[in-house]
Amino acid sequence: MALSTQPVKGARDFYPEDMRLQKYIYAKWREVCERYGYEEYDAPILEPTELYLSKGNQEIINDQTYTFEDRGGRSMTLRTEMTPTVSRMIAGKRQELAYPARWYSIPQFWRYERMQRGRGREFYQLNADIFGIADLAADLEIIDMADAVMQAFGAKRETYAIKVNSRKLVDSFLTGNLGLDQTQADTARRLIDRMRKMDQPAFVAQLDAIISPSQRENGVGSRLLQFLETPTLNEIPEELLGNESVAELKLLLEKLGNNGVTNAQFDPTLMRGFDYYTDIAFEVFDTDPENNRSMFGGGRYDGLVSMFGVEPIPAVGFAMGDITLKLFLEAHGLMPALMPETDIYIVLIGEVADKAQAPIKQLREMGLNVAVDQTGRKPESQIKTAVKKGIGYVLFIGERELEESKFMLKNLHSKEEEAHSLERIVSIIKDYRKQ
RNA sequence: GUGUCCGUAGUUCAAUGGUAGAACGUCACCUUGUGGAGGUGAUCACGAGGGUUCGAUUCCCUUCGGACACCCCA
C-alpha cells in the first residue's frame, strides 16, 4: 500500500501559498508586539507532563493532549498552551530579569481534540505577556495591544467586540454577597460560562439546582440573574456599588475608550475558563451574526509563577490563534493579495546556461530574488511557469542579451518588455516592490 | 466521547449492480526568442479492508480521512 500524502489528522501542511499567508500574519503579530516593546522568545514544544498536571486537571491531560513516555521513562506532553511555559521561564530567571518583562512568542501547539470549524489539533498562537506589574496599567496595555493587532489586520471596530469582566468581582459576588460556598461558586461559574448558549429556563433550572433552599429564599438566584443581566457597569446591582473591582472595570473601560478602543464592554457572564485567571479577563468576539464566536482572549494570572516555588510575579497576557484569525479575515474580506517572494524569473534562450551565471549572480548580489528556469524548455513553457507562480517579471537571457549586456525584461502583468542594463533592472524591480 | 452528513482523475463535478465521463489543470506538439486564445494528442481516479453477489465504484459492515454540531476549549 502506498504511503499517504496527507498530513496527520487535524494538522495542516503549509504549501508555499499557505506559508505566504502565515508569514503575513506572523509579520503583523511581530510588528505590533515590537511596537509595544515586547521581545520575542521561544521554548521547546515538549514539556514534562507535570507542568500541565500541576494546574490540576487530569482529564485534560488524559483526553486532550499528546502525551507519551520518552526513552528515559519520563512522561512528556506536546505543549497545549504557552502560559505554563512562559511562567516557568520567568520563574527560572526571576532574579535577573528587568521588570516589567514584556515577552511574546508565536509557538505551535498540539491538542488532541475532535476537529470542528476553526479548531484543529495543531495550531499557532501569538502569545504576549507582561510580567511584574500589579497595577491596572498592565491590563490596559494588554487589551490595548490585542486591539492593535486587530487594527493591524485592517479590522473595523464594529466587526469585533472586546468583552471584559473581572474574576475577582464574580468571585466576591458569589461567595461574599451571595454567600455561596467554594464548591457552589465553582459550579456556578461553569454554568455562567455556558449561559449565552442556553435558553433562560434551562439556565434558571440548573442554577436552582446549585443553590440551597434557604439561599433561594434569600433571593440568591434572582440576585445572581440580575447581576448577570447587567447591561453596563452603570447599571450594576446596588449591592456591588462599593466593590473596588467595579471601579477598576469602569476605569479600565474609560481608559480604553480614551485610547480609541471604543468597542470594549463589560460582560458579567464572561468567565474564560476557570483555571489560573485571577482578576481582569477579556475576550474578543466576532460581531458578525454568522460567525459570532469568541476569537481569542486573555487576562491576569498573578498566581501562576509561584507554582514554581518562588514568590509570585504579577502577570497579564493574551493569546490569539492563527486559525480563528484566518476565519475572521476571510469573513470580513481582509485577506491580503500576497505576492511571491521571487522578483524575477529567468528564461534562458538557447545554450546559455553557463554564460548566464554571471549576470544572474550580479542581480542577486544587488538584492533581487531571482529564480532560473533551468529546464531548457522553450520560452513559452518557461513563461507559463512564471505566470503560474505569480512572479511579476520575466527576464530573458539569450545570446543577444549577453552580447549587448542589456537584458529583455518583461512585466507579466502589463505584458510590456524592454531591454535594460542590470542596474536599471534592479531599480525597476525595487520600485515595483514598493507598490 | 456522542450525533448528522460526506469520500470518484491534481482540482471541481457526473454516471452506473456488468470495472467510469466532462470541465479545468498538467505534459507534449501545432508554433525550436515570448504567457493568458484555439487545435491535436497524452497523463491521471472509484480512500482502505471485509461481506452480500455470477459480478460491487454502486448495497452492507469496519476502518481511515473530511465537514458540521454537542462536549470541551487550557
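Given the options A:Lys255, A:Lys406, A:Lys326, state which has the largest fluctuation in a GNM of chain A using a 10 Å cut-off (strictly under) for Cα springs.
Answer for the Gaussian network model of chain A: A:Lys406.
Which one, A:Leu327, A:Ile397, A:Gly299, projects farthest toward the positive side of the charge dipole computed for chain A from Cβ point charges (K/R +1, D/E -1)?
About the Cα centre, the residue reaching furthest to the positive side is A:Ile397.
Please list, by residue number, every one of the chymotrypsin sites (Phe, Trp or Tyr not before Pro) in segment A:158-262 that is coil in DSSP and has at most 10 other beta-carbon atoms within 10 Å. Spell out each step's value before the answer.
Details: sites: A:Tyr160, A:Phe173, A:Phe203, A:Phe227; in loops: none.
For chymotrypsin sites (Phe, Trp or Tyr not before Pro) across segment A:158-262 that sit outside H, G, I, E and B with at most 10 neighbouring Cβ atoms in 10 Å, the list is empty.
Name the long-range amide H neighbours of A:Asp373: under 5 Å, sequence gap of 5 or more, or other chain; modelled H, no Pro or chain starts.
Here A:Ile346, A:Leu348 satisfy the definition.
Among A:Ala337, A:Met145, A:Val347, which residue has its Cα positioned farthest towards the positive end of the charge dipole of chain A, with +1 placed on the Cβ of Lys and Arg, -1 on the Cβ of Asp and Glu, and the dipole taken about the Cα centre?
So the residue we want is A:Val347.
Quick one: pull the percent of accessible area on chain A belonging to carbon and sulfur, 1.4 Å probe, ligands and nucleic acids left out.
49 percent
State in Å² the accessible area per residue of segment A:301-417; use a 1.4 Å probe, count heavy atoms of protein chains only, and round to the nearest integer.
Using a 1.4 Å probe on heavy atoms only, each residue of segment A:301-417 averages 50 Å².
Could you work out the helix-only [θ] at 222 nm for chain A, with each DSSP H run of four or more residues adding -39,500 (n - 2.57) and the total divided by the number of residues, to the nearest 500 deg cm²/dmol? All intermediate terms of the calculation are to be shown ahead of the outcome.
Details: 16 runs with 170 residues, N = 435.
About -11500 deg cm²/dmol.
In nanometres, what is the gap between the two model label sites at A:Glu290 and A:Lys378, each 7 Å from Cα along Cα-to-Cβ?
Output for this residue pair reads 4.6 nm.
Once fully extended, how much extra length lies between A:Asp70 and A:Tyr24, figured as 0.36 nm per residue of separation less the alpha-carbon to alpha-carbon distance? Could you put the intermediate results ahead of the total?
On the way: separation 46, 0.36 × 46 = 16.56 nm, distance 3.57 nm.
Stretched fully, the A:Asp70-A:Tyr24 segment lengthens by 13.0 nm.
Checking the table A:Lys28/A:Lys389; A:Lys197/A:Lys326; A:Lys163/A:Lys197; A:Lys28/A:Lys326 against a 18 Å threshold on Cα-Cα, which pairs fail?
A:Lys28/A:Lys389; A:Lys197/A:Lys326
Could you tell me which residue out of A:Thr232, A:Asn259, A:His420 lies farthest along the dipole of chain A toward its positive end? Charges go on the beta carbon: Lys and Arg +1, Asp and Glu -1, centred on the Cα centre.
Going by the charge dipole, the pick is A:His420.
To the nearest 20 debye, what is the magnitude of the charge dipole of chain A about its Cα centre, counting +1 on the Cβ of each Lys and Arg and -1 on the Cβ of each Asp and Glu?
In total the dipole reaches around 1080 debye.
Please compute the length gained on full extension between A:Lys355 and A:Ala337, using 0.36 nm multiplied by the number of residues separating them and subtracting their Cα-Cα distance. Don't jump to the answer; show the numbers that get you there.
On the way: separation 18, 0.36 × 18 = 6.48 nm, distance 3.61 nm.
Once the chain is fully extended between A:Lys355 and A:Ala337, it gains 2.9 nm.
Among A:Lys388, A:Lys168, A:Lys250, which one moves the most in a GNM of chain A with springs linking Cα atoms closer than 10 Å?
A:Lys388
Would you work out the charge dipole size for segment A:97-174 about its Cα centre, treating the Cβ of every Lys and Arg as +1 and the Cβ of every Asp and Glu as -1, and quote it to the nearest 20 debye?
480 debye
How long is the gain from A:Tyr15 to A:Ser405 if the chain were fully straight, where each residue apart is worth 0.36 nm and the alpha carbon distance is subtracted?
Result for the pair: 136.7 nm of gain on full extension.
Whole number please: convex hull volume per residue of the Cα set in chain A, in Å³?
With only Cα atoms used, chain A gives 219 Å³ per residue.
The values are calculated or read from the model by the stated rules, or taken from the named source; none is laboratory data. Predicted, not measured: the structure shown is a model, and the values here were computed from it. Cβ coordinates were reconstructed from backbone atoms using ideal geometry, including for glycine residues, and neighbour counts include every protein chain displayed. These area figures cover heavy atoms from the full protein model, side chains too; ligands, DNA and RNA do not enter into them. Shrake-Rupley method; radii C 1.70, N 1.55, O 1.52, S 1.80 Å.
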